[in-house]
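All remarks here apply to the structure that follows.
The values are calculated or read from the model by the stated rules, or taken from the named source; none is laboratory data. Since this is a predicted model, take the numbers as computed values, not measurements. Cβ placement follows ideal geometry from the backbone for every residue including glycine, while neighbour counts extend to all protein chains displayed.
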Amino acid sequence: MKVAMIGTGYVGLVTGACFADLGHEVVCVDKDDGKVERLRRGEVPIYEPGLEDMVQRNVEAERLSFTTSFAEAVPGRDAVFIAVGTPTKESDGSADLSAVHAAAREIARHLSGYTVIVDKSTVPVGTGDEVEAIIRDENPDAHFDVASNPEFLREGSAIEDFMKPDRVVIGVNAERPRRVLQALYRPLTMHETPMVYTSRATAELTKYAANAFLATKVTFINEIADICERVGADVQDVSRGIGLDSRIGPKFLQAGAGFGGSCFPKDTLALTSTARKVGRPTQIVEAVMAANTERKLRMAEKIIDACGGNLEGKTLAVLGVTFKPNTDDMRDAPSLDIIPLLQKAGAGIRAYDPEGMEDARKYLSNIDWKKDAYSAMPGADALLILTEWNEFRVLDFERIKSLLKTPLVIDLRNIYSLAEMAQAGFVYHSVGRDVVQPASQMAK
């Protein structure tokens, strides 16, 4: 089938490349000439495992192409996906749909033949109606339908999520667009991927509801972690104990520094904005947002306390600044709140991240960026782990101790066991667990 993807950001590029890999003919549209030229050469502007190889492979196979021209991309397509950004409006927390509306107008001017216009961007309920009205107004003779097909891609595992999804949600208000999208996703349904067909409004709300619920799980286990620290319980055991309940499940029950990224903060805000507009405020989701904001402040206080209550003149070696591993995405990363609070308290920061440092430089100042993890450690008063990259799980403990001024590790991602850190001779602070003292000290 012939597909156009409007937008080559994270969702658009991953989705377009994956559709091409399934055998469809895909053209991606972006207004940035330089970006399009780089993509034509197979150069991917974001870090996502496996994506660059997939883009290069499908460009060479001539199934995937890139352009700045709607006139080139839209006519004759079976489906045109809108995958542009919907950032948060500072005024009221709602989603800014200006890019979606602009894309709809451009698409309308170039439609020929029957086309399904698909909202892939995360959009509030009713956006499909707005897109349909814009196209009708711009091109009254156009032959089209509008569908909603929300994405559920996790950064760091997006290709796997597309190719082996838990489900595909398709919101349509007529049978013909359903048949088109059913054919488009046929390679996945052959492998028994669950297909959830709903109305357009239901599909739009499903995306927000999913992210709000996952954000609630993250926030819930973080609050349980705080209780664990006060009563001497272990949050990882609690997580396992409740996660084995099939009604709850184990995912998103890892205690840490709070949620961030491009989805949870933005989508929870947008959902609460929609809920207020329709007169049904979401008390749970609003509490989740407030608790997550407080979480980052509490984590900064936890670090200061672990360092003796005073950071003045001290140096911290920070490992990881992206909001999660396997991405270079800095959007709403907890580090953006925590590190400035540590600096305000007097700390000097040396930091290393495998992929996020280039983008982080735009948001964090007065950081001594290092080429690897060990380069950040010499003479540091403590080692702070903010992102659970796999390479941080296999660090040489003896080397760390030889580099740090004091054997103090503060791990906000719980990547090490309490026993191994005690045996290795560290003072080890983690989340929702007891503070570890070196085995030699405990023996005394």
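A few points about this structure:
- Residues satisfying the stated conditions in region 4-22, i.e. surrounded by fewer than 24 Cβ atoms within 10 Å (Cβ to Cβ) and under 21 Å from ALA71 (Cβ atoms): GLY12
- Residue satisfying all of: in region 338-353; surrounded by fewer than 19 Cβ atoms within 10 Å (Cβ to Cβ) and touching a residue at least 40 places away in the same chain (Cβ under 8 Å); farthest from ILE304 (Cα to Cα) among these: LEU341
To keep it simple, each residue is scored yes or no on (1) in the same structural domain as VAL118 (by TED's automatic domain parsing); (2) hydroxyl-bearing (Ser, Thr, Tyr); (3) assigned to a helix (DSSP H, G or I); (4) surrounded by 13 or more Cβ atoms within 10 Å (Cβ to Cβ).
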position	(1), (2), (3), (4)
PRO45	yes, no, no, yes
MET54	yes, no, yes, yes
ARG57	yes, no, yes, yes
GLY76	yes, no, no, no
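- Scanning region 414-437 for residues that are surrounded by fewer than 22 Cβ atoms within 10 Å (Cβ to Cβ) and within 18 Å of GLY308 (Cα to Cα) yields a count of 4.
- Within region 94-118, the residues that satisfy the criterion of being of a type in the set (D, E, K, R), within 27 Å of ASP267 (Cβ to Cβ) and either out of contact with any Gly (no Cβ under 9 Å at 6 or more places or on another chain) or assigned to a strand (DSSP E or B) (or both) are ARG105, GLU106.
- Hits in region 154-207 (condition: at positive phi and among the acidic types (Asp, Glu)): GLU192
- Residues in region 23-43 that are surrounded by 19 or more Cβ atoms within 10 Å (Cβ to Cβ) and either part of a loop (DSSP other than H, G, I, E, B) or in contact with a His (Cβ under 9 Å, 6 or more places away or on another chain) (or both): HIS24, ASP30.
- Tallying residues that are buried (at least 16 other Cβ atoms within 10 Å of the Cβ) and farther than 17 Å from VAL436 by Cα within region 224-239 yields 3.
- Checking LEU316, LEU297 one by one, the residue that is modelled with pLDDT of 95 or more and surrounded by fewer than 23 Cβ atoms within 10 Å (Cβ to Cβ) is LEU297 and no other.
- Just one of the listed residues (LEU364, LEU412) is closer than 20 Å to ASP234 by Cα and either polar (S, T, N, Q) or within 24 Å of the chain's Cα centre (by Cα) (or both), namely LEU412.
- For PHE213: the one exception among (1) free of Cβ contacts under 8 Å to residues at least 12 places away in the same chain; (2) more than 19 Å from ASP267 (Cβ to Cβ): (2)
- Filter result for the condition that a residue is surrounded by 18 or more Cβ atoms within 10 Å (Cβ to Cβ) and under 15 Å from ARG77 (Cα atoms), over THR115, THR127: THR115
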